[in-house]
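All of the numbers you see were taken from the coordinates with simple rules; none came from a lab. Not measured: the values here are computed from a predicted model. Don't worry about glycine lacking a Cβ; one is built from the backbone with ideal geometry, like all the others, and counts go over all protein chains shown.
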Amino acid sequence: MKELAENEEPELPLQEKAAEKPVKKKARAAKKSPKKAKSPEKKDDFQEAKAGKQAGKAKNGENAKQPEKKAGPGKNGENAFTRLVKEKPMAVAAVACIAIIAVSIILALSQKNISLEDFLAMDNGSGEQPSEVKMIVLTSNRCPDCENFSSLGLLFNKNGVKFAVQEIEENTEDGKNLLQFIEEKTSIKSLPAYFIDERTISGSMLVKTNVSGFKPLKDVLQYYVGQGKGAYNEGTFVFPEMNLDDGPVKPMLLLGEACGSKENFNIQLFLDPYDPNTIAKSKDLENMRGGLRLDKDINVSFNYNFLPTYSQTMEKNYLAISGGKPETVRENIEGAARYLVCANGMGDSAFINMERSLYSTYCDVNWSTINTADPAPLLNCSDSNHFNTWINGDELTLAARRAGLEGNLLFNNCLYNAKEKMGNMLLLAEAAGIDRTPSALINCQYVVPIVGDRDYILTTMCIINSDLVFC
């Protein structure tokens, strides 16, 4: 978790409700040990059919913007969940009956099983301190790769904070009510989403973050709300998955309107040319682009978006050591991104040759070696003498020459206007809640990490269209 800051981030746009499809409610609280991630799956041949993949169908929603409201607990100690019980008594009763039978334990510090009615029950007025945090997880069967157990839960577990969890699917009646709550009361725009009842948080519940000592849990949650990462309304905290722990980042499902289709895929890549993780995955992405082009039944559009992650670290380190004007340092560091942004607009071949040339220089890899499909030479880029030093003007000119773009009028005009384009890329990343590289946004709905051996881009394409040859 990053260090506490005073400045609040901008609020994110509200989203529309998901489409209707009745599904049985499911519930869970903690297991004896944390859930293990699925075994890595790696695809080496795009034309080899692989059976047994679970596929989902993405349904479109509509964006709706409404101002976020912040308020304390409602009348007579009610919060938003309590009112749900009153407004939907039959649905809640049904959920409660199912939950009593189906609720299980999520982690070793698990608590008693709870029904949804227990979760929403008003304070009995005894004045006793809450003994466990109660949390609802709103999930979606449209995203089987999404992580339904929040890193907030891992934070609770790590610090000995007892908690109980109720899981609700978005297409159930109660799920639709919770989606409506998200739309009208928060700026959360992705699933899974986590609802925490403020009344179940006691002052004795302390958590230790990665950058601070022990803090009251409520203070930590309020900090995240202040940073624009969550919302608070009428006694309820609501958060998307924030990936607070050091575990693997999982996909998220955006609640906005989809783009593309089952045959036409829109893939927005969010990369930083100086990020070691981006560099290490560049050959895999290159091989994927080439492989998907061979499938004549689909059309895949890849778009490069510059998202400064490691570049910001380089800028801070350089200014701390050498000084200078921040604007000048940033201009020099972003030179490589400008050339990649404009090369992407000139076609796959131009982009790949531009990227190869830049990394040949930056990682001290021979030009003939980097033209192979082998990713190994780029995995140790941090050992290069050039590492952490920006690619200079002469090196950028050489890269343009190797990419066949030197003197190209369209390419040069793009370089002149690249700053505006890069600003729009930052807005897109913010709107999608993307703050890590490398990442991808698929058909405007699925935010997936590009990490490890698990290829979330291909598995997400299979969720959208299970008939693809590699699914």
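So, in Å, what gap is there between the alpha-carbon centers of segment 335-376 and segment 255-289? About 16 Å separates the Cα centre of segment 335-376 from the one of segment 255-289.
Restrict the search to segment 370-455; then list the GluC sites (Glu not before Pro) that DSSP places in a loop and that have at most 16 other Cβ atoms within 10 Å of their Cβ.
Here the sparse-neighbourhood loop sites are 406.
To make sure I understand, if each residue's beta carbon is the centre and we count other beta carbons within 10 Å, what order do 454, 289 fall in, fewest to most?
289, 454
Kirkwood radius and radius of gyration were both taken over the C-alpha atoms of segment 260-442, and their ratio Rg/Rh is 0.95. Cα centroid separation, segment 159-191 to segment 207-236: 18 Å.
Could you pull out the pairs from 215/283; 215/421; 215/281; 215/250; 283/421 whose alpha carbons sit more than 32 Å apart here? Cα-Cα > 32 Å for 215/283; 215/421; 215/281; rest within.
Looking at segment 260-442, the DSSP beta bridges with both ends there are about 35 percent antiparallel.
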